[in-house]
1. Would you please list the contacts, defined by Cβ atoms under 8 Å and residues six or more apart or on different chains, that run from a residue in segment 467-480 that is over 12 Å from Leu548 (Cα atoms) and open to solvent by 10 Å² or more (accessible area, probe 1.4 Å) to a residue that is of a type in the set (D, E, K, R) and modelled with pLDDT under 95?
2. So for segment 556-563 (the condition being touching a residue at least 24 places away in the same chain (Cβ under 8 Å), in the same structural domain as Val482 (by the TED database), under 14 Å from Leu479 (Cβ atoms) and open to solvent by 30 Å² or more (accessible area, probe 1.4 Å)), does at least one residue qualify?
3. Within segment 605-618, identify whether any single residue is outside any helix (DSSP H, G or I) and out of contact with any helix residue (DSSP H, G or I) (no Cβ under 6 Å at 6 or more places or on another chain), and answer yes or no.
4. Consider segment 358-394. How many of its residues are under 20 Å from the mean Cα position of the chain (by Cα) and small (Gly, Ala, Ser)?
5. Might you check whether a residue that is modelled with pLDDT under 90 and either outside the structural domain of Ile243 (by the TED database) or within 20 Å of Ser215 (Cβ to Cβ) (or both) occurs anywhere in segment 69-90?
6. Name the residues in segment 493-510 that are within 44 Å of the chain's Cα centre (by Cα) and either within 19 Å of Leu579 (Cβ to Cβ) or outside the structural domain of Lys441 (by the TED database) (or both), would you?
7. Is segment 681-698 home to any residue that is within 14 Å of the chain's Cα centre (by Cα), on the phi > 0 side of the Ramachandran plot and open to solvent by 10 Å² or more (accessible area, probe 1.4 Å)?
8. Could you check, for segment 703-723, whether at least one of its residues is in contact with a strand residue (DSSP E or B) (Cβ under 6 Å, 6 or more places away or on another chain) and open to solvent by 30 Å² or more (accessible area, probe 1.4 Å)?
Amino acid sequence: FKGGDTCEYLLSSGRFLGEKVWQPHSCMMHKYKNSEAKNCLVDKHIVFIGDSRIRQLFYSFIKLINPQVKEEGIKHGNIPFEDKSASIKVDFLWYPEVNGSMRQRIKSWTEGSVAKPHIIVVGAATWSIKIHNGSNEALAQYKINITSIAPLLEKLAINSDVYWVLQDPVYEDMLSENRKMITNEKIDAYNEAAVRILNSSSRNSKAKVKVFSVSKLIAQETIMKSADGLHLPESSRDTNAMILMNVYCNKIMKPIDGSCCQPQPPLTLIQKIAFCFFTLSIIGYLIISLIHRNNYRKNKSCTDLESGEEKKPAISTPNISTLEMLLQCFCKLGLIMTYFYLCDRANLFMKENKFYTHSSFFIPIVYILVLGVFYTENTKETKVLNREQTDEWKGWMQLVILIYHISGASTFLPVYMHIRVLVAAYLFQTGYGHFSYFWMKGDFGVYRVCQVLFRLNFLVVVLCIVMDRPYQFYYFVPLVTVWFMIIYATLAVWPQIVQKKANGNCLWHFGLLLKLICLLTCIYFLSYSQGAFEKIFSFWPLSKCFELNGNVYEWWFRWKLDRYVVFHGMLFAFIYLALQKRQMISEGKGDPLFSSRVSNILLFISIVSFLTYSIWASSCKNKTECNELHPSVSVVQILAFILIRNIPGYVRSVYSSFFAWFGKISLELFICQYHIWLAADTKGILVLIPGYPMFNVLVSTFIFVCVAHEISQITNDLAQIVVPKDNSTLLKRLLCIAGFFSGLHFFSAMQDQSRH
């Protein structure tokens, strides 16, 4: 925690994750695409000055702009490059020695009204060692020459970015005879001289020439793969070019997954208002707590010294008021949101890139499965998908998804396809659970709708305000919210068909099936009509909720990916409840769900189906093609799992309390991971304890789970206050909520206007 400038870390320190992925110390490096590089460097002039090693870096850099470039320039001469589409000029100037010629060229940019390059990359030394046979006189002359050049570089650094590239080590065993005098000892002496002279100037504190020393660390790991012992392998110089691009472009492009060299974003107007609100809540709660404590002390029980009997106070201690409960919740929430902000918006804690290995994903999976099996208990009821079982299902799925995210396993397609099934299973439960409630209870009241919407959306709305993110950024909550409203609308519109009504007349079952067919038709139409879908969600105020980066394409993609699974959940609930009503299934403790023969056949089919899907998902070669098939086939593995889990009586009668505990806070875990477990909006990993990866994960995970659990409690407490059962009081609260969102929209408009 040396604080401050992540650019220094990027230029000077880091380590390899695996063989080719470079991880700068404390920050994340963005992998720039050609289009991004062009946008960053538009109308810029970049100059590379030096020897053949700098020429290598030059070629790697321009390939980030145009990958088609071939290394066909003159070896010992100047090489120009220009991208006319973006008006980018990149020149390599052949100056293999730090001498008078190099000084004269640099000096020409400091005189008069000559156009100065925006970026200057300089470095040389090996030629001086080679030509002068590694003599001490050559080193002394090098020091004199660099001393004369340093003030000129500092003058240029006032308006340009100037980088001095230190010399990489060589692989002495592979050097040719005419390069044997280039030793690592000599290179270290030249580097030491350059660093000492460049850092000794008094002017350098104001306009600093940046020392590019990280290439030394990269070369130490990779120079053995060099073709001649002197020049770096292509992957290493590409890494150096990407570091250079990050140093210059991150502050301009502000990529989410490029935290190196990015300044802390300024507080928005809405964030400032939220900060004031939480501060006032904390102060208010402390004042009320002090008043209550003072009253309690005055009225507490005292002991009669003569009789030794306890006298009861004249006034009993009052119960906690609604206002105090409200302030207590906001006080806790304010402290938690401060932690969120410090983790993922302030430059207080470090962030690192993800790096996938099979062991980083599968070992934790095995570990939590063993823990889950260890905490096995009997269920209170033995119905199919009873409460304990669904909590357990949500719990282990959520833990697997968390491990998937932190390990970066999305790069491994078979794992990605199985995780897509887990997300679909959550939505399946949404369809199953809400359909079952409305079908059996027939409760279509406003209270029920408001309770569900509040519990789903409260945390996300707060995070949108505190973390300055759009609602659609937390895509899963909009997804389950919209599907809940679709389920509600399907069952609540005339004619309202519920179980009680259908029991009196079987024709109502056909009426409900017609409703479900209409729903399926609408889903099918919207999934193949992107234009119609986008028109619906482009109307205000829906557009404010579902737009991301100025359009609703991301929302359409997320919705389309699991478009049928909620319908499948509703249909399964309808069939299951119909079978249950007609006593066609046996749900007694220890009893198989059907007769022994039917149970065995269904169990066999389920296991085969489950494994068949896994084999298909594991053999996927193209993510786009597999995503196209996923909506139609994901239900196969979901239904197979339900049958395997519920057909045997013993399996249905037990559950894992370990997984069920996590299942109760699964929504909070899913949302909180964005900022306080992962980092940079899920693109990286939060580092609270640098240098100790395993210990860091343990500490950050413990805090993350505790915070998610506490937010779940806060949400439940606030739901009772904000969404009361009394209709007249509820109407007033809804008007207050409408006023809150109107104010939020007003301040958001002001914020957008000030940004533009």
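The values are calculated or read from the model by the stated rules, or taken from the named source; none is laboratory data. On a predicted model such as this, the values are computed, not experimentally measured, just so you know. Ideal geometry is used to build each Cβ from the backbone, glycine not excepted, and the neighbour counts take in all protein chains shown. Heavy atoms of the whole protein, side chains included, go into the accessibility calculation; ligands, DNA and RNA do not. Shrake-Rupley method; radii C 1.70, N 1.55, O 1.52, S 1.80 Å.
1. Correct list of pairs: Asp468/Arg345.
2. Yes - at least one qualifying residue is present in segment 556-563.
3. no
4. Result for segment 358-394: 1.
5. yes
6. Within segment 493-510, Ile497, Val498, Gln499 meet the criteria.
7. Yes, there is a match, as at least one residue in segment 681-698 is within 14 Å of the chain's Cα centre (by Cα), on the phi > 0 side of the Ramachandran plot and open to solvent by 10 Å² or more (accessible area, probe 1.4 Å).
8. no
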